[in-house]
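A short worksheet on the structure shown next.
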Amino acid sequence: MSALFRLNSCLLRENISKFSHYARFLSSEASSGQPARLETSQAAKMTDIGIRRMFSAEHDLFRGNVRKFFQQQIAPFHAQWEKDGQLPREAWLKAGQSGLLGTNIPAEEGGLGGDFKMAAIVAEEQGYVNCSGPGFVVHSDIAMPYICKYGSKEQKAKFLPAMTRGEKISAIAMSEPGAGSDLQGIRTVAVQSGSDYILNGSKTFITNGWMSDVVIVVAITNPGARTRAHGISLFLVEEGMAGFKKGRKLEKLGLHAQDTAELFFEDVRLPKSALLVVA
């Protein structure tokens with residue numbers, strides 16, 4: 001018996017086993033009296049609730065609430081917000097009250113304790129109403145996980161609950177005028193001064209930048225590291241810190257209601273407690 005024949009026979013048995021398991025699963029769903037859920041690729045309409053296998057009944061209830069929020073609290077006002085170039089803070093607070101922020105951040109860390117599928121539902125439902133303004137994804141699914149994973153106990157307690165409530169809006173500042181996706185090309189630096197750091201530099205195209213209360217800033221702290229990537233650290237810079245200035249809201253071809261700003265740091269003195277990730 002050739003090796004190829006043995007391999008094909010093994011794969012065939014494996015596929016038969018998987019099909020049998022799948023058939024038993026469908027049979028159990030049918031016997032439960034509930035309509036069988038489909039794979040995402042089989043769904044006739046992505047907007048239908050309760051038809052995709054990857055989501056549970058609990059996710060369906062959550063989706064219904066999220067859809068209602070976007071249809072009632074976002075879509076009717078989005079045209080005006082596009083003229084304003086930003087959302088009002090009231091929209092962020094309502095999003096927090098409705099449970100749309102920090103969905104997959106553990107409850108013990110100040111989030112809602114859901115899963116990533118809940119975060120996906122928020123993003124999907126925002127897309128369904130065609131409203132690009134709310135920067136909820138950057139806030140909940142990019143900035144908050146950094147703090148949750150790398151933050152100290154004090155940092156988590158200070159920021160995560162308030163961010164889940166929509167009281168603190170977050171941004172992450174990586175892109176610079178001369179460095180976009182290539183973070184090894186950044187020039188923003190944080191030089192240690194005693195137990196503090198002095199931050200200098202600028203960032204651009206920062207989503208939620210204009211309204212931000214806390215910004216995760218990428219800066220060079222060790223220019224002599226074996227690679228530039230190993231010499232980069234992250235800092236939590238808060239609104240109102242001396243030397244932290246926000247430039248103009250940038251005009252863009254799209255995403256007009258999503259505030260995108262330039263940020264400037266001129267001798268911003270940061271305590272060691274502002275350090276999120278050290279090189």
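Among the DSSP beta bridges whose two residues both lie in segment 175-270, what percent are antiparallel, rounded to the nearest 5? Can you show the working numbers first?
Details: 25 of 26 bridges.
The answer is about 95 percent antiparallel.
What pairs in Lys153/Lys252; Lys156/Lys245; Lys83/Lys245; Lys158/Lys203; Lys83/Lys149 have C-alpha atoms more than 32 Å from each other?
Working: Lys153/Lys252 38 Å; Lys156/Lys245 24 Å; Lys83/Lys245 23 Å; Lys158/Lys203 24 Å; Lys83/Lys149 37 Å.
Over 32 Å apart, Cα to Cα: Lys153/Lys252; Lys83/Lys149.
Sort largest first and round to whole Å: the equivalent ellipsoid semi-axes of segment 82-142, each the square root of five times a Cα gyration tensor eigenvalue. Working shown, then result.
Values: eigenvalues 89, 36, 15 Å².
Taking √(5λ) for each Cα gyration eigenvalue gives 21, 14, 9 Å.
For segment 218-279, place one equal point scatterer on every Cα, skip the solvent, and apply the Debye formula. What is log10 of I(q)/I(0) at q = 0.20, 0.22, 0.28 Å⁻¹?
Debye output, listed in q order: -0.88, -0.94, -1.11.
Round to a whole number: what % of the accessible area of the chain belongs to carbon and sulfur, probe 1.4 Å?
Details: 8280 of 14900 Å².
Summing carbon and sulfur atoms, their accessible area is 56 percent of the total for the chain.
Pop a pseudo-label 7 angstrom from the Cα along the beta-carbon direction at both Asp48 and Glu251 and give the gap in nm to one decimal.
That separation, rounded to one decimal, is 4.5 nm.
Using a cut-off of 9 Å between beta-carbons, work out the net charge of the residues near Ala257 (Lys and Arg +1, Asp and Glu -1, Ala257 not included). Please report the intermediate quantities before stating the final value.
On the way: positive: Lys83; negative: Glu82, Asp84, Asp259.
Net of charged neighbours comes to -2.
Enter the accessible area per residue of segment 50-160 (Å², integer; probe 1.4 Å; all protein chains in place).
On the way: 5240 Å² over 111 residues.
Roughly 47 Å² per residue, with all protein chains present.
Taking the Cβ of Gly133 as the center, what net charge do the other residues with Cβ under 10 Å away carry, scoring Lys and Arg +1 and Asp and Glu -1? Spell out each step's value before the answer.
On the way: positive: none; negative: Glu82, Asp84, Asp259.
So the surrounding residues net to -3.
On alpha-carbon atoms, Rg over Rh for segment 34-185 using Kirkwood Rh? Provide the component values of the computation, followed by the final result.
Details: Rg = 16.8 Å, Rh = 16.7 Å.
Here Rg/Rh amounts to 1.01.
If R0 is 41 Å, what FRET efficiency do you get for Ser273 and Ala36 from their C-beta distance, rounded to 0.05?
Numbers: r = 53 Å, r/R0 = 1.29.
Computed FRET efficiency for Ser273 and Ala36 comes out at 0.20.
Mind sorting out which of [x] 23.3, 77; [y] 35.3, 119; [z] 18.4, 57 is the real Rg and Dmax of the Cα atoms in Å computed from the coordinates?
[x]
Just to be sure I understand: of the beta bridges DSSP finds with both ends in the chain, what percent are antiparallel, rounded to 5? Please list the in-between numbers first.
Working: 27 of 33 bridges.
Given both bridge residues lie in the chain, the antiparallel proportion sits at roughly 80 percent.
Rank Gly180, Gly96, Gly224 by mean-square fluctuation in a GNM of the chain with C-alpha springs under 10 angstrom and give only the top-ranked residue.
Gly224
Quick one: net charge around Glu58, please, counting Lys, Arg +1 and Asp, Glu -1 for every other residue with C-beta under 12 Å from its C-beta. If you can, show how the numbers build up before the last one.
Working: positive: Arg63, Lys117; negative: Asp60, Asp115.
Around Glu58, the charge tally is 0.
About the Cα centre, and with charges only on the beta carbon of Lys, Arg (+1) and Asp, Glu (-1), how big is the dipole of segment 221-279? Nearest 20 debye, please.
Working: 9 positive and 7 negative charges, 44 e Å.
Rounded to the nearest 20 debye, it is 220 debye.
At 1.4 Å probe size, with every protein chain present, just tell me what the per residue accessible area of segment 229-279 comes to in Å². Present the calculation step by step, with values, prior to reporting the outcome.
Numbers: 2580 Å² over 51 residues.
That works out to 51 Å² per residue.
The values are calculated or read from the model by the stated rules, or taken from the named source; none is laboratory data. Bear in mind the structure is a predicted one, so any value in this text is a computation, not a measurement. Here Cβ is always computed from backbone atoms with ideal geometry, including for glycine, and neighbour counts include all displayed protein chains. Heavy atoms of the whole protein, side chains included, go into the accessibility calculation; ligands, DNA and RNA do not. Shrake-Rupley method; radii C 1.70, N 1.55, O 1.52, S 1.80 Å.
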